[in-house]
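Asker: Right, I'll just put the structure down here and ask away after.
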Amino acid sequence: MKMKKTQKIFTFIILIFLVTMFVISGVAPRFINAHAQDLGVSCSAKGMAVLEMKTGRVLDSKNMDTKLKMASTTKIVTALTVLNNCNDLDTPFKIDKKAVGIEGTSIYLKQDEVLTPRELLYGLMLRSGNDASAALALHCANSIEEFAELMNKTAQDCGAKNSHFVNPHGLDNDDHYTTAYDLALITTKALQNPTFKEIVSTKNIKISGGEQEYRYLVNKNRLLNSLDGCIGVKTGYTSGAGRCLVSSVERDGMTVVCVVLNCGLMFEESANLLNAAFVKYQNAEVLPSYNFICNIPVIDGEKNKVRVYNPQGFKYPLTIEEQANINVDYDLPNQIKAPIKSEQKVGVAKVYLKDKLLFETDILAMEDVDSDAIFDKIKDIINKF
């Protein structure tokens, strides 16, 4: 008994020693890690979300619904709001004096200088000009406060439920906040706008220069030059928000958006998360489009069967293990009574991941099948007259 008690004490001491060494070395064992990462990548951000753009599937997250300051990643919302509310991006206008000398990052606008909204959007998204954000806001609305309300509507329309904006640039304000998940939703919507996507993926450009011949803008997003398939999106930093980055990558038919808020190594950690997403997940074609399913017997028809198909297909980001657990359920009748019209709905196809419904679409007839019943034929003759 004495020997067993001594062994237990010795084992306990060894375990405490190993745990202590793991913590000191920064390599915590799995059972100590409070933030399990779906992608297997550590992340120091206070808030993080990784989404697949087309389906909205969350591939990884950390405190993704925590309300945080987001610095100049605010300008994603600003740009989308401008694009939603400004019909003419190429007619120049004079810069309002209220947009000159804004605190923080600047493209050094002068009062009454003339630029187009498109040029200012480049100044906003490539160089993060706070003055460009104010100039755009005052061009689209009567005041910064009025434009902020438009920003809040933009966010709500994107499905963002835990965000509130009071300015177009992201300077610290206790009433100005978002979440990693909300910002990912807003970004996926913004990237569907071709103009937004073109601007944020631009590495450098020349725009009007005021007193100088031109301004030469270089994108602050280092991942555009270092990460395969990167298409933007926006950097940010304030003392209150810390380092923030929204980034996106397109590869192999899949677009992934990554948001890290208050993250020390924002470029490195975002790249690791994005690369891991494409290693772990494949854009699997679960249900092909225009997919012939089967022939269904027809009652009282001039043909004894009708071909049916699903016109709409479905792709979804899946791991190898998940692909083995996909099931497609075809809800179809055993037989159909004529007459049948081409494109007539005859059933439903449902895609499940284990027991979770991912997608459903109608199953349609591929062709007409007339009735061979005498009364139906008489009715058709009468209708022709």
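The values are calculated or read from the model by the stated rules, or taken from the named source; none is laboratory data. Just so you know, these numbers come straight off a predicted model, no measurement behind them. Neighbour counts run over all protein chains shown; Cβ positions are idealised from the backbone, glycine included. Surface accessibility is based on the protein's heavy atoms, side chains included, excluding ligands, DNA and RNA. Shrake-Rupley method; radii C 1.70, N 1.55, O 1.52, S 1.80 Å.
Asker: Are there any pairs, at least 6 apart or on different chains, whose C-beta atoms fall under 7 Å, with the first in the stretch 343-371 and touching a residue at least 60 places away in the same chain (Cβ under 8 Å) and the second of a type in the set (S, T, N, Q) and open to solvent by less than 60 Å² (accessible area, probe 1.4 Å), and if so, which?
Answerer: A349/N310; A349/T361; T361/N310; I363/N310; M366/S342; E367/S342
Asker: Still on this model: Check whether at least one residue in the stretch 299-308 is within 35 Å of the chain's Cα centre (by Cα) and part of a strand (DSSP E or B), and report yes or no.
Answerer: Yes, some residue in the stretch 299-308 is within 35 Å of the chain's Cα centre (by Cα) and part of a strand (DSSP E or B).
Asker: Quick one: what pairs do we get from the stretch 316-341, first residue open to solvent by 70 Å² or more (accessible area, probe 1.4 Å), second in a strand (DSSP E or B) and aromatic (F, W, Y), C-beta under 8 Å, 6+ apart or different chains?
Answerer: N327/Y352
Asker: Ok, one more. Listed residues S106, S133; which is within 27 Å of L224 (Cα to Cα) and open to solvent by less than 10 Å² (accessible area, probe 1.4 Å)?
Answerer: Just one listed residue meets the conditions, S133.
Asker: Among the residues that make up the stretch 267-276, is at least one of them open to solvent by less than 10 Å² (accessible area, probe 1.4 Å), under 20 Å from L126 (Cβ atoms) and in a helix (DSSP H, G or I)?
Answerer: Yes, that holds for at least one residue.
Asker: Separate question: Which of the residues belonging to the stretch 122-147 are within 22 Å of the chain's Cα centre (by Cα) and on the phi < 0 side of the Ramachandran plot?
Answerer: Y122, L124, M125, L126
Asker: Could you check the stretch 174-218 and list, in sequence order, the residues that are open to solvent by 60 Å² or more (accessible area, probe 1.4 Å) and farther than 30 Å from K54 by Cα?
Answerer: If the condition is that a residue be open to solvent by 60 Å² or more (accessible area, probe 1.4 Å) and farther than 30 Å from K54 by Cα, then D174, D175, K206, E211, Q212, E213, Y214, Y216 are the ones that fit.
Asker: Is it the case, given these coordinates, that Q344 is more than 30 Å from A277 (Cβ to Cβ) and surrounded by fewer than 16 Cβ atoms within 10 Å (Cβ to Cβ)?
Answerer: So Q344 does not fit the description; no.
Asker: List the strands (runs of 3 or more DSSP E) that sit entirely inside the stretch 177-256 and contain at least 1 residues that are of a type in the set (G, A, S).
Answerer: Output list reads 204-208, 230-238, 242-251.
Asker: Turning to a different aspect of this structure: Just need a number here: residues in the stretch 109-130 that are open to solvent by 20 Å² or more (accessible area, probe 1.4 Å), touching a Lys or Arg at 6+ places or on another chain (Cβ under 8 Å) and farther than 14 Å from K220 by Cα.
Answerer: Counting residues in the stretch 109-130 that are open to solvent by 20 Å² or more (accessible area, probe 1.4 Å), touching a Lys or Arg at 6+ places or on another chain (Cβ under 8 Å) and farther than 14 Å from K220 by Cα gives 3.
Asker: Can I ask one more? Of R251, R307, which residue is open to solvent by 20 Å² or more (accessible area, probe 1.4 Å) and in contact with a helix residue (DSSP H, G or I) (Cβ under 7 Å, 6 or more places away or on another chain)?
Answerer: R251
Asker: Would you say T91 is open to solvent by 50 Å² or more (accessible area, probe 1.4 Å), among the hydroxyl-bearing types (S, T, Y), in a loop (DSSP other than H, G, I, E, B) and touching a residue at least 60 places away in the same chain (Cβ under 8 Å)?
Answerer: no
Asker: Given the criteria closer than 29 Å to V257 by Cβ and touching a Lys or Arg at 6+ places or on another chain (Cβ under 6 Å), does N310 qualify?
Answerer: Here the answer is no, as N310 does not meet what is asked.
Asker: Still on this model: Please count how many residues of the stretch 64-88 are open to solvent by less than 50 Å² (accessible area, probe 1.4 Å) and assigned to a loop (DSSP other than H, G, I, E, B).
Answerer: Total meeting the criteria: 3.
Asker: Considering only the stretch 226-241, I want to know if a residue exists there that is among the hydroxyl-bearing types (S, T, Y) and within 16 Å of T188 (Cβ to Cβ).
Answerer: No, every residue in the stretch 226-241 fails to be among the hydroxyl-bearing types (S, T, Y) and within 16 Å of T188 (Cβ to Cβ).
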